[in-house]
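> Supplied in structure tokens, the structure appears directly below.
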Amino acid sequence: MTPKDRALAAFARKKPDRVPLCIFLGGSWPVINSGTTLKSLIGRPKETAELFWDVNRRLGADIVMVGAGATALQIKVLGGDVRFNDNGAPEIMGEPVKKPDDLQKLTVSQVYGDRDVRWLVETCEETMKIAGSDALVLASGRAPFTLAGQIYGLENFSRALYKDKKFAHELLEFTTALSSEYYREMIINGHAHGAFIADPTASGDCISKKHFEEFALPYLTRVVDGIKQMHCPAMLHICGNITDRLPLIPDSGADCISIDTKVEISDAAQLAGERICIAGNVDPVNTLEFGSADDVRRVSLKCLRDGAKNGGFVLTPGCDFGAGVTEENLKALSSSITEYNN
């Protein structure tokens, strides 16, 4: 099987020739370890694609993400204050919507004509030229609920869920259009094979199951529907403990749910595994950053034994990881799959 076919088989809850690997690279690790910065790469799509592709190939990844770590560029175009760091992804320092009336000034079209955002699309296109069928290339972006918190501020948005539901839904309508158009651009013009949707603030660590059902799931489902209309797969990641909402997540239409270390793989398999591929969930801090290569292999093998027996499983870190993780530890993820197959 090709890496792309292997990943798609897992997404279809089948058992491929071996378990596929997704390294989960955001903007920090490849860029910092190359000695450059994300800001310096903007406007250089070919060089950016080559940098990220080289890292994924060295580490044996079957699934490659494009755009991870750079989603704050959309917020910058909308008028947010974004700070570029030498040691990580851009940070949102000030939100473009300070009060509800500000939302009326924003348009989705202003985002996708921007030069910096076009760089993301062009980087995706360049990655696809390199990848062929050697990887499943997914456009990495944000779900509507998380985008709403980035545009209005998470504290303000959380307050609106209780005190101004009408505005919360208006904001989510805008972010659904913003997210949907992002994936359309990356898939149609960037030629990505599919989508990676990050929704970290839809976690049980941030909102209740009730609020997830009302404010996160319906809008996420609409984004996934748009991706499916383009006949493409969708992989979802939600940080933190999502055990209580796992039975609901397949209703989004996503093909795969990537789970954080706080969720037991066995629980995920029991609650949702018959309806959705499970990806996870080697601890990015205690194991990948502060553990040895032997620790990584041991934890990875446990993940594989808990999740991969019947197929429909992708090995990943539980979340993105810091620049301090060694390449030796990341390569141990790949070698654990070989060991498991043997």
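> What's the total number of residues in the range 217-239 that are without any contact (Cβ under 8 Å) to a residue 24 or more places away in the chain and either within 19 Å of residue 170 (Cα to Cα) or in contact with a His (Cβ under 8 Å, 6 or more places away or on another chain) (or both)?
1
> Separate question: When the range 225-239 is examined, which residues are found to be part of a helix (DSSP H, G or I) and in contact with a Phe, Trp or Tyr (Cβ under 9 Å, 6 or more places away or on another chain)?
Correct list: 226, 227.
> Within the range 1-54, can you find the residues that are farther than 20 Å from residue 273 by Cβ, surrounded by fewer than 18 Cβ atoms within 10 Å (Cβ to Cβ), small (Gly, Ala, Ser) and within 22 Å of the chain's Cα centre (by Cα)?
Passing the criteria: only 34.
> Within the range 199-238, can you find the residues that are under 18 Å from residue 313 (Cα atoms) and of a type in the set (A, V, I, L, M, F, W, C)?
Scanning the range 199-238 gives 234, 235, 236, 238.
> May I pose another question? If residue 77 satisfies every condition in (1) touching a Phe, Trp or Tyr at 6+ places or on another chain (Cβ under 8 Å); (2) buried (at least 17 other Cβ atoms within 10 Å of the Cβ) but one, which is the exception?
Going through (1) touching a Phe, Trp or Tyr at 6+ places or on another chain (Cβ under 8 Å); (2) buried (at least 17 other Cβ atoms within 10 Å of the Cβ) one by one, residue 77 breaks only (1).
> Just give me the residues in the range 209-245 being under 18 Å from residue 263 (Cβ atoms) and out of contact with any helix residue (DSSP H, G or I) (no Cβ under 9 Å at 6 or more places or on another chain), in sequence order.
Result: 241, single match.
> Is there any pair linking a residue in the range 36-59 that is touching a residue at least 24 places away in the same chain (Cβ under 8 Å) and on the phi > 0 side of the Ramachandran plot to one that is assigned to a helix (DSSP H, G or I) and surrounded by fewer than 15 Cβ atoms within 10 Å (Cβ to Cβ), with Cβ under 8 Å and at least six apart or on different chains, and which?
43/115
> Which of (1) over 17 Å from residue 303 (Cα atoms); (2) surrounded by fewer than 24 Cβ atoms within 10 Å (Cβ to Cβ); (3) over 15 Å from the mean Cα position of the chain (by Cα) is the odd one out, the single condition residue 242 does not satisfy?
The failed condition is (2).
> So for the range 201-216 (the condition being under 23 Å from residue 112 (Cβ atoms), in contact (Cβ under 8 Å) with a residue 12 or more places away in the chain and assigned to a helix (DSSP H, G or I)), does at least one residue qualify?
Within the range 201-216 (the criterion being under 23 Å from residue 112 (Cβ atoms), in contact (Cβ under 8 Å) with a residue 12 or more places away in the chain and assigned to a helix (DSSP H, G or I)), the answer is no, since none of the residues qualifies.
Bear in mind these aren't lab numbers, they're just calculated from the coordinates by the rules spelled out. Predicted model, so just to flag it, every value in this text is computed and none were measured. Using ideal geometry, Cβ is built from the backbone for each residue, glycine included, and neighbour counts are taken over all protein chains shown.
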